[in-house]
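Here is the structure we will look at.
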Amino acid sequence: MRAAAIALLLAAPLVEGQTDSGAWRMYGRNSLGWRYSELTQIDAGNVARLTPRWIYQTGVGGGFETTPLVFDGLMFIAGPSNNSWALDALTGRPVWHQKKTPPTRLNLCCGEVNRGFAVHGDRLFRVNIEGTLVALDVKSGAVLWETTLADYKQGYSATGAPLVVKNLVLTGIAGAEFGTRGFIDAYDVETGKRAWRFHTVPADGEPGSDTWSGDSWRRGGGSTWITGTYDPELNLVFWGIGNPGPDMDGDVRRGDNLYSCSIVALDADTGTLKWHYQFTPHDVHDWDAIGDPVLVDVTLDGRKVKAVVQANRNGFFYALDRTNGKVLKAKSYTKVTWADGIGADGRPILVPGQEPTEEGTLVCPGLGGGHNWQPTAYSPRTGLYYFSSSENCELFYTTKQDFTAGHWYQASTVEGAPNTHGTGAILAIDPATGDTRWRFDMMSTPSAGVLATAGGLLFSGDKQGYLIAFDAATGKVLWKFQTGGSIVAAPISYALNGKQYLAVAAGSAMIAFALP
């Protein structure tokens, strides 16, 4: 099967920046997390002519949140419930299918989902839902090695796409809702041997441990369930950290609870912490900071600054100096009632009375936050940063709950405000100022990620199954297509034989589009 092409693949070194404009080799397409395709064949003038070229029905239920990889004429799909596929990217014909049946009685927050592969040479890397990291052979899908990250019986699981940096494959972990203790791991791509581990909740005596009362750090959460990014010039990995545990009863974990709800910058070779920034100290609203940390250069006061930007779940957009973690810009992008802004010290200016209570407290944004986990995009053509936002407020309740290992440990619940329902929006923001350049309002909370292209387009989808193309500069809708299944993933674009394709998971199918 394509022996000559496979040989070329094995000889090609991994590059942190995407050099082949027709391929898609990383979760965020490049290590900076831009999700930007340099392809221009599909543009604002012809996008309305897009039609499906092939549809592959996987026959597997569950949420398809995957970002497929495409190279050497093949598309690689990491699906739910430990299913993996290689398809012919030209026709959608299956080449191989690999599956490992998950254990029974898994303790999961949000289903047996998976968000994608990483690749190095002849190896694909994915996590299995029960908390293992697996290396698969590109040609056959055969398992080359499998390493256990953590014990699923304690509530750990794994759902995020790994990130390959040099000869290491990095991965996070999920399970903060079960009183686990989060981490970021790095493993040797050849052997699966662990090279380093960074715990997102410091133990007694470690820097930051004084931000946890008593032994609450042992159950401190801090999941890392969305893929990080990498700056090869700084040799730093940037990763977003999830909520502390238990979510909404902050009395049992007094303090800021580092490094929950933070971005951490780690030395890529050793995992050593270089800096951190905490968006929401002592979070009691489940406002994970796991959203992809996108690396862009912004111009401030006439000088170019290396920045990392994130639309945080707490309702604020942030631009941080990625060399030191200092706040450059912070501005709300949705309705926010819990804070009056971000102070000069980088901490939120809290509004009293916004904590969860037994009677319920109405707070904006709601549990899912403004922007949640869905992939974002940056276009160097427009200079804009794109993401989805839930326009929603919810009643937050708190309850007392004893900890039992492996059991749900959230000490809380939420419900929607009476006689309302959440809506959503797609936003385009200037990362240098935090100003919204355009917004597209949606009737329901958004479910899909976004893709920007050099053709001047932005693509996204919705729960109702529509794949939508926008003018990236203005937000004008240029095309939409009913796929027949909810879209909870982000589109990608690739090229084969001189033709540009757009692909997205919808329902349990993968669909590829092209011009006639």
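From the backbone phi of region 318-324, what are the Karplus-calculated ³J(HN,Hα) couplings (6.51 cos²θ - 1.76 cosθ + 1.60, θ = phi - 60°) in whole Hz, Gly and Pro given as x?
10, 10, 10, 5, 7, 8, 9
To make sure I understand the rule: partners must be aspartates and glutamates, Cα under 15 Å from the Cα of Lys400, and not fewer than 8 residues away in the same chain. Which ones qualify?
Glu177, Asp247, Asp249, Asp251, Glu355, Glu358, Glu359
So how compact is region 196-355: Cα radius of gyration and Dmax in angstrom?
Cα radius of gyration and Dmax of region 196-355 are 15.3, 48 Å respectively.
Restricting to Cα pairs below 8 Å that are 6+ residues apart, what does the relative contact order work out to for the chain? Please round to a whole percent.
Contact order relative to length: 15 percent.
Using a 1.4 Å probe and ignoring any ligands, DNA or RNA, find the accessible area of Glu358 and quote it in Å² to the nearest 10.
140 Å²
Mind checking region 120-160 for chymotrypsin sites (Phe, Trp or Tyr not before Pro) that DSSP puts in a loop (not H, G, I, E or B) and that have at most 10 other Cβ atoms within 10 Å?
Qualifying residues, ordered by number: none.
Rounded to the nearest 500, what is the 222 nm mean residue ellipticity of the chain from helices alone, with -39500 (n - 2.57) per DSSP H run of 4+ residues and division by all residues?
-500 deg cm²/dmol
Check Leu478: other-chain or 5+ apart residues with amide H under 5 Å from its amide H, H built from backbone geometry?
Ala469, Phe470, Asp471
For all pairs of alpha-carbon atoms in region 434-516, what percent lies in each bin of width 5 Å, listed from the first bin to the last filled one?
3, 14, 26, 26, 18, 9, 3, 1, 0
How far apart, in nm, are two points set 7 Å out from the Cα along the Cα-to-Cβ line at Thr104 and at Asp297?
In this crude label model, Thr104 to Asp297 measures out at 5.8 nm.
Once the whole set of protein chains is in place, how much accessible area is left on Arg49, using a 1.4 Å probe, in Å² to the nearest 10?
Taking all protein chains as shown, Arg49 has close to 130 Å².
Using a Cα-Cα cut-off of under 18 Å, which aspartates and glutamates could be cross-linked to Lys480, ignoring same-chain neighbours fewer than 8 residues away?
Partners within reach: Asp43, Asp441, Asp462, Asp471.
Where in region 327-370 does the label zone of Asp251 land, with the point 7 angstrom along Cα→C-beta and an amide N cut-off under 13 Å?
Under cut-off, by backbone N: 356-359.
Beyond 31 Å, what percent of the Cα pairs of the chain remain?
Distances greater than 31 Å cover 40 percent of the Cα pairs.
What order do you get for 457-463, 481-487 when each peptide is scored by the mean count of other beta carbon atoms within 10 Å, highest first?
Result, highest mean first: 457-463, 481-487.
Once you keep just the Cα pairs under 8 angstrom separated by 6 or more residues, what percentage relative contact order results for region 476-516?
Values: 53 pairs, mean separation 13.5, N = 41.
Computed over region 476-516, the figure is 33 percent.
Given Cα pairs under 8 Å that are at least 6 residues apart, what percent is the relative contact order of region 95-232?
Reported as a whole number, the value is 20 percent.
Please work out the FRET efficiency for the pair Asp204 and Arg49, using the Cβ-Cβ distance as r and a Förster radius of 51 Å; give the result to the nearest 0.05.
0.25
Can you tell me the alpha carbon radius of gyration of region 150-211 divided by the globular rule-of-thumb value 2.2 N^0.38 Å?
Here the Cα radius of gyration is 1.23 times the empirical estimate.
Checking the cross-link filter: which aspartates and glutamates have an alpha carbon closer than 15 Å to that of Lys99, excluding same-chain neighbours under 8 positions apart?
Glu112, Glu130, Asp137, Glu146
Would you mind working out the magnitude of the charge dipole of region 364-456 relative to its Cα centre, with +1 at each Lys and Arg C-beta and -1 at each Asp and Glu C-beta, to the nearest 20 Debye? Please report the intermediate quantities before stating the final value.
Working: 4 positive and 7 negative charges, 49 e Å.
For this selection, approximately 240 debye.
Out of Tyr501, Thr337, Ala265, whose Cα points farthest toward the positive end of the dipole of the chain (charges: +1 Lys, Arg; -1 Asp, Glu; placed on Cβ)?
My answer, from the dipole projection, is Tyr501.
Can you order the peptides 469-477, 244-252 by their average number of other Cβ atoms within 10 Å per residue, highest first?
244-252, 469-477
Can you tell me the dipole magnitude for the chain around its Cα centre, using point charges on the Cβ only (Lys, Arg +1; Asp, Glu -1), in Debye to the nearest 20?
1460 debye
Semi-axes of region 122-226's equivalent ellipsoid from the Cα gyration tensor, sqrt of 5 times each eigenvalue, largest first, rounded to whole Å?
28, 14, 9
Give the residue from Gly449, Ala319, Ala44 lying farthest towards the positive end of the charge dipole for the chain; charges sit on Cβ (+1 for Lys and Arg, -1 for Asp and Glu) and the dipole is referred to the Cα centre.
Sorting the options by dipole projection puts first Ala44.
From the cross-link list Lys166/Lys304; Lys100/Lys139; Lys166/Lys329; Lys153/Lys274; Lys304/Lys331; Lys100/Lys463, which pairs have alpha carbons spaced over 22 Å apart?
Flagged as over cut-off: Lys166/Lys304; Lys166/Lys329; Lys153/Lys274; Lys100/Lys463.
Would you grab the residues whose amide H sits under 5 Å from the one on Lys274? Only those 5+ places off in sequence or on another chain, please, with H modelled 1.01 Å from N.
The list, which skips near neighbours in sequence, is Ala265, Leu266, Asp267.
Please turn the phi angles of region 256-268 into ³J(HN,Hα) values with the Karplus equation 6.51 cos²θ - 1.76 cosθ + 1.60 (θ = phi - 60°), one per residue in order, whole Hz, x for glycine and proline.
Result, ordered by residue: 6, 6, 5, 9, 4, 6, 10, 9, 10, 10, 10, 4, 5 Hz.
Hey, can you grab everything whose amide H is under 5 Å from the amide H of Asp297? Only 5+ residues off in sequence or another chain; H modelled, so Pro and N-termini drop out.
Counting only residues 5 or more places away or on other chains, the set is Ala307.
The values are calculated or read from the model by the stated rules, or taken from the named source; none is laboratory data. Predicted, not measured: the structure shown is a model, and the values here were computed from it. Note that each Cβ is placed from the backbone with ideal geometry, even for glycine, and that neighbours are counted across all protein chains shown. Please note that ligands, DNA and RNA were not included when accessible areas were found on the heavy atoms of the full protein model with its side chains. Shrake-Rupley method; radii C 1.70, N 1.55, O 1.52, S 1.80 Å.
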